[in-house]
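K.L.:
Before I ask anything, let me first share the structure, which is written out below as structure tokens.
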């Protein structure tokens, strides 16, 4: 304002100029909800700073939940929340909450967020883009003096990579009896939650009620290569695919590889090989984006010179439609039965996980799409093949997920990368969608 | 003789009776080479006593080479040799030698033997039947006052189960530079050989010359189920199959199992599954007793939710004809190339072992067959799918192997079993064949 004071006020057009200047300077306050943008440089700097925490001596990032690196990452995240003007708490499950009060305290909370833990030898974008993007959105709202009607909460879920533990505590899917299971950190879930400041003895206190949540929005990297390959700015996620996993045990007869004629063998690994091929054939035999994977296999005893007596393999099937997962699995079981009969082996299927598909709310998808269009960003609807905390929160309230491109589709690896411009685009879509969403009145 | 002395010598037929009695009593000495039989009870007791040494707390027998149990088993074996009248030595490689001098010291040595080490959690018949059978043959010859022309040597090879180490030292196939390799005992080969009383620093002293060996005969359990299933007493081994092994590495691209569409995958485990099936199809597509096995597989990284980036599997191919092994392997490589091209993966083959087939000497096979027939035992010619020390000694001299039935074809397992009658039959065939062989004059 000093330059304005320096203007000669006796100039004939001084008053007009002053008025114009005042209008220009006041513009953000006059039309606060139409134009704020996130601070791209600041967001990039925060993500870069996080990349120094848990830097693995081998390669990439290892901020595995409940390790010292995870704790450091969480402390840095809390410091960013404080800088953004958020009031922070840690719930009984260890999730980090940062709140901005809403204009109408009776309204349920609008939640945005993601996670800051990583897989071992992972990247610095999975979870961080959505977490720091959400904090940036809150800080931009504050700095732009945009007062939302709903209370805004930035929620950083703990241990996403180890099975959505934090968000499942909020949705009531994580139970007291699950707390003794071991985690990648070496600590039990109970020890891990206590380590990061949670209160595992009162786990149920972390549970939320549907009535308390207005909606949940999550920004995330795609972790697939579709957006990057098709040069699309923003992915409007249709839903998070259901994910069913089984341990498949195949029992044959272990025998000497030199002395057992081919026609007298009951080779569990040969049966497994036929099954792996059958899984691939079944899942690719119909159109659609369904996927099925055998990614782990163990053969017993596992020697050059012994026909395999037993094989245990991991089967993973995913689709947006639960009925399609069930149909595919049924065909796989039928095929297994045929293989078993032909080779004198026995198949059994032990369910490991059965995460149901979580569809994104159509109104929220619409809102994300229109926000992107206002920013002149191209969009594409696509499913999320990876799991996200959004699917837990989706059990309680409407949710949606915004994707930005992952270069080369690489994720959970040191080469994971998203461009600063894409990150900035994603955070701006989240900002605009949040502001728009706040105005919605749903019945 | 006391009863004979008690006869009334003045009886008219006393002299005739005495003469007859003397003839009867002297009979074994008059026709020593036509009729001696081994002492079945003694042999059975020796085998049973050995079963208490290295009895594994879990199941079966663990007399793994260079362990304390192996040492105890060897000490017991040496004690049996001494009881049989053999002069024992331990060569530089740690093999146990027990010798009987021959009638003509200029003749080369006739060797019989086997091994007394076992696999972990193995049985008490593999190796023991042939080792103790050979000692029993020597003891029977001694007790029957049968003097062979050739020096007789009972040779107990060390560490057969860990790669024919003892017999390969004798044939010159084990080299100084191999001694640093580790063994199942935890000791290096060098430490192991020293542990059992060998002199690894002078390994080459164990090497033998072809001119010093007349022939080698080995009695062994079949380790397959053919003889037992067909109720055949004695197997006349045609030869020991060649055994080629490769580590097959399949490189694909590791990727997220949820976010990577099926048509964008380069799945190393799917390629491995197709290859395992191709191996089976190729080996069973032509008549013959050839076998091929994939018995071990490792997938990297090996998780439910990651498309495999790399697979390493073990391929084992065996046949009596080397050219057939090569032809089969060539077809497998061709098929791998097709699979690689179709799925965007890469196959490479790293040779692990390449043991050439070792054919049994036709004259010795003939001799084993005729010995069995004289004992009214049924015979069948068959290959040995398992390796034996005989194949090392076959590099130096004519060799042959006598099989007895393995019940259910089970071997290298606690349930390994051969009936006392079959063991006794085998040892008697070895005895008779040894006596006959000693008379042969080959050019």
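K.L.:
Residues in segment A:169-195 that are surrounded by fewer than 23 Cβ atoms within 10 Å (Cβ to Cβ) and under 19 Å from residue A:117 (Cα atoms): how many?
P.N.:
The number of residues fulfilling the criteria is 13.
K.L.:
A further question on this structure: In this structure, is residue A:298 more than 10 Å from every other protein chain (Cβ to nearest Cβ) and either out of contact with any helix residue (DSSP H, G or I) (no Cβ under 7 Å at 6 or more places or on another chain) or closer than 27 Å to residue A:426 by Cβ (or both)?
P.N.:
no
K.L.:
Taking residue A:414 as meeting all but one of (1) modelled with pLDDT of 95 or more; (2) within 24 Å of residue A:53 (Cβ to Cβ), write down the number of the exception.
P.N.:
Among (1) modelled with pLDDT of 95 or more; (2) within 24 Å of residue A:53 (Cβ to Cβ), the lone unmet condition for residue A:414 is (1).
K.L.:
Does residue A:256 count as out of contact with any helix residue (DSSP H, G or I) (no Cβ under 6 Å at 6 or more places or on another chain) and at pLDDT 95 or above?
P.N.:
It is false that residue A:256 is out of contact with any helix residue (DSSP H, G or I) (no Cβ under 6 Å at 6 or more places or on another chain) and at pLDDT 95 or above.
K.L.:
In addition: Quick check, is residue B:222 modelled with pLDDT of 95 or more, buried (at least 21 other Cβ atoms within 10 Å of the Cβ) and over 19 Å from residue B:392 (Cβ atoms)?
P.N.:
Judged against the criteria, residue B:222 is a match.
K.L.:
Now a separate question. Return yes when residue A:230 is closer than 29 Å to residue A:137 by Cα and surrounded by fewer than 17 Cβ atoms within 10 Å (Cβ to Cβ) and no when it is not.
P.N.:
yes
K.L.:
Now for a different question. For segment A:394-423, what are the residues that are closer than 22 Å to residue A:319 by Cβ and part of a strand (DSSP E or B)?
P.N.:
Listed by number, the residues that qualify are A:399, A:400, A:401, A:402, A:403.
K.L.:
Please enumerate the residues belonging to segment B:231-247 that are within 11 Å of chain A (Cβ to nearest Cβ) and out of contact with any helix residue (DSSP H, G or I) (no Cβ under 7 Å at 6 or more places or on another chain).
P.N.:
B:241, B:243, B:245, B:246, B:247
K.L.:
Going residue by residue through segment B:352-364, is there one that turns out to be crowded, with 22+ Cβ neighbours inside 10 Å and under 26 Å from residue A:277 (Cα atoms)?
P.N.:
No, segment B:352-364 contains no residue that is crowded, with 22+ Cβ neighbours inside 10 Å and under 26 Å from residue A:277 (Cα atoms).
K.L.:
Let me ask you something else. Quick check, is residue A:109 closer than 22 Å to residue A:431 by Cβ, without any contact (Cβ under 8 Å) to a residue 12 or more places away in the chain and assigned by TED's automatic domain parsing to the domain that holds residue A:402?
P.N.:
Answer is no for this residue.
K.L.:
Something else now. Among the residues that make up segment A:312-332, is at least one of them within 8 Å of chain B (Cβ to nearest Cβ) and surrounded by fewer than 20 Cβ atoms within 10 Å (Cβ to Cβ)?
P.N.:
No, because not a single residue in segment A:312-332 is within 8 Å of chain B (Cβ to nearest Cβ) and surrounded by fewer than 20 Cβ atoms within 10 Å (Cβ to Cβ).
K.L.:
Is it true that some residue in segment A:230-241 is in contact with a strand residue (DSSP E or B) (Cβ under 9 Å, 6 or more places away or on another chain), closer than 19 Å to residue A:153 by Cβ and in the same structural domain as residue A:129 (by TED's automatic domain parsing)?
P.N.:
No: segment A:230-241 contains no residue that is in contact with a strand residue (DSSP E or B) (Cβ under 9 Å, 6 or more places away or on another chain), closer than 19 Å to residue A:153 by Cβ and in the same structural domain as residue A:129 (by TED's automatic domain parsing).
K.L.:
In the set A:307, A:283, which member is within 10 Å of chain B (Cβ to nearest Cβ) and either farther than 24 Å from residue B:260 by Cα or surrounded by fewer than 20 Cβ atoms within 10 Å (Cβ to Cβ) (or both)?
P.N.:
A:307
K.L.:
Then there's this: Taking the condition assigned to a helix (DSSP H, G or I) and facing another protein chain (nearest Cβ under 7 Å), does residue A:263 pass?
P.N.:
Here the answer is no, as residue A:263 does not meet what is asked.
K.L.:
Let me ask another. Residues that are surrounded by fewer than 24 Cβ atoms within 10 Å (Cβ to Cβ), more than 12 Å from chain A (Cβ to nearest Cβ), more than 21 Å from residue A:257 (Cβ to Cβ) and touching a helix residue (DSSP H, G or I) at 6+ places or on another chain (Cβ under 7 Å): does segment B:378-394 have at least one?
P.N.:
Within segment B:378-394 (the criterion being surrounded by fewer than 24 Cβ atoms within 10 Å (Cβ to Cβ), more than 12 Å from chain A (Cβ to nearest Cβ), more than 21 Å from residue A:257 (Cβ to Cβ) and touching a helix residue (DSSP H, G or I) at 6+ places or on another chain (Cβ under 7 Å)), the answer is yes, since at least one residue qualifies.
K.L.:
With segment B:294-393 as the region, which helices (runs of 4 or more DSSP H) entirely inside it contain at least 1 residues that are touching a strand residue (DSSP E or B) at 6+ places or on another chain (Cβ under 8 Å) and free of Cβ contacts under 8 Å to residues at least 12 places away in the same chain?
P.N.:
B:322-343, B:362-374
K.L.:
For segment A:396-417: of the residues being more than 15 Å from the chain's Cα centre (by Cα) and more than 14 Å from chain B (Cβ to nearest Cβ), which is surrounded by the fewest Cβ atoms within 10 Å (Cβ to Cβ)?
P.N.:
The extreme case among them is A:417.
K.L.:
Checking the conditions here, which among A:98, A:130, A:85 is buried (at least 23 other Cβ atoms within 10 Å of the Cβ), free of Cβ contacts under 8 Å to residues at least 60 places away in the same chain, in the same structural domain as residue A:40 (by TED's automatic domain parsing) and in contact with a strand residue (DSSP E or B) (Cβ under 8 Å, 6 or more places away or on another chain)?
P.N.:
A:98
K.L.:
Can you find even one residue in segment A:271-288 that is in the same structural domain as residue A:249 (by TED's automatic domain parsing), assigned to a strand (DSSP E or B), modelled with pLDDT of 95 or more and within 25 Å of residue B:353 (Cβ to Cβ)?
P.N.:
The answer is no; no qualifying residue exists.
The values are calculated or read from the model by the stated rules, or taken from the named source; none is laboratory data. These figures come from a predicted structure and were not determined experimentally. Neighbour counts run over all protein chains shown; Cβ positions are idealised from the backbone, glycine included.
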